[in-house]
Amino acid sequence: MLVAKMTSRKAASTLLVASRRALATAPRRSAMPVLAGTKLDPSESFLTGTNATVLEEMYEKYSVDPKICSSILGVIFQNLEADAAPGQAVALSRVNRNKLSSIPASMTAGRDLFTISEDTIKLMALIRAFRHRGHLVAELDPLKIADVTQGGNSYVPIMTSRELEPSYYGFSDADLDREFVVSSELPGPPVRRLREVVEIMRDAYCGKIGVEYRHMLSKDEKVWIASFLESGATPQLSSEEKKEILQDLAKGELFELFLSRKHSTAKRFGLEGGESLIPGLQAMVDRGSQLGVENIILGMPHRGRLNVLANVAGKNIEQVFHEFLPHDDPYGDSYLGSGDVKYHLGTSSARKMRSGNTVKFSLLANPSHLEAVDPVVAGKNSREAVLYGGL
């Protein structure tokens with residue numbers, strides 16, 4: 001019995017060796033077949049692994065009925081039938097796919113998808129440059145003093161000026177009439193010429209008013225401001241409204257000029273350079289009164305507080321000036337007490353607006369810890385809302 005087992009094991013071993021030799025000498029089937037009489041070539045990238053067998057069958061069916069294949073496979077097989085170089089059937093189909101024949105020629109002009117996408121990204125960078133740095137080249141010198149005294153506007157950084165030119169991004173004069181899709185970036189028509197985009201951005205950010213707002217944290221607020229500026233909807237002001245703005249601006253300017261000359265050594269946190277705050281606040285209060293606003297509560301820092309107290313909040317200007325020289329009153333100590341510095345004080349008044357409506361205006365007192373006024377404003381506002389039935 002032992003001899004029989006050894007004989008059977010030897011036979012099995014001999015059979016296994018013979019099978020391995022037969023497999024080694026047998027011709028192997030290629031995973032990337034070449035069909036006899038066809039132009040399928042193993043160098044094509046799609047003829048790999050299990051794809052080869054499936055595509056072999058699809059090609060046979062395509063030879064009988066070309067409509068049976070999908071459009072993508074049909075293009076590949078057409079390239080093969082058109083004597084495409086080995087390994088290039090797929091590459092040629094991608095080139096054909098990137099040609100955007102359904103888009104107007106003024107946008108493509110023979111360019112492929114990659115070039116159009118690259119140029120669109122460059123256009124988005126140009127738009128972003130205007131939004132972030134357009135205010136640096138705004139026309140804020142109406143008398144052209146810099147042109148006379150310094151031979152040009154030396155306050156504009158050279159790189160900023162270059163970034164706002166299409167040539168900085170590789171666009172030529174011939175590209176100015178090319179069309180781009182800007183539906184997600186600019187209000188108005190979804191497709192605009194490059195020339196139109198540059199004109200819109202220059203009018204919005206490089207005109208007589210510089211607008212700097214991209215540092216804001218709220219995305220919704222930034223989108224709203226950009227849409228307003230870039231829509232070109234410039235407010236049409238009447239002659240009377242322009243005179244009112246000029247009057248408010250002159251009041252703010254003359255107030256600071258008087259204090260700088262009369263009390264040149266007094267600490268006052270002036271509003272020089274920001275006098276437009278006065279007509280801006282006046283316009284907000286006027287418009288609010290027209291919309292039914294009855295109470296306005298304001299908290300603000302030291303800078304410009306005296307100007308706002310006198311020209312917006314309606315505080316008696318004689319009282320404001322008296323606070324610079326409180327010791328001129330011989331009886332002041334009897335009722336003034338130690339008090340507080342003038343740029344910490346607030347006031348409340350009932351103002352009759354130009355529209356004829358009356359608004360109660362409150363400017364809250366502000367300590368040196370500036371942020372401390374924020375919860376005070378919120379608390380007073382809640383109190384007013386409860387008192388007048390707003391909550």
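Every number here is computed from the coordinates shown, using simple stated rules; none is lab data. Nothing here was measured: the structure is a model prediction, and the numbers come from that model. With ideal geometry, Cβ positions are generated from the backbone for all residues, glycine too; neighbour counts draw on all protein chains shown.
Annotations
- Near residue 214, once Lys and Arg are set to +1 and Asp and Glu to -1 for all other residues with Cβ below 15 Å from its Cβ, the sum equals -1.
- For the stretch 271-328, the list of GluC sites (Glu not before Pro) that fall in a loop by DSSP and count at most 15 other C-beta atoms within 10 angstrom reads 272, 294.
- For the stretch 107-230, radius of gyration divided by Kirkwood radius, i.e. Rg to Rh on alpha-carbons: 1.01
- Straightening the chain between residue 236 and residue 118 buys 38.6 nm, computed as 0.36 nm per residue apart minus the Cα-Cα spacing.
- Extension gain for residue 350-residue 184 works out to 55.2 nm (0.36 nm per residue, less the C-alpha to C-alpha distance).
- Counted charge near residue 264, where neighbours are those whose Cβ lies closer than 15 Å (Asp, Glu -1; Lys, Arg +1): +2
- Packing order of peptides 126-134, 343-351, highest average first: 126-134, 343-351 (average count of other Cβ atoms within 10 Å over each peptide's residues).
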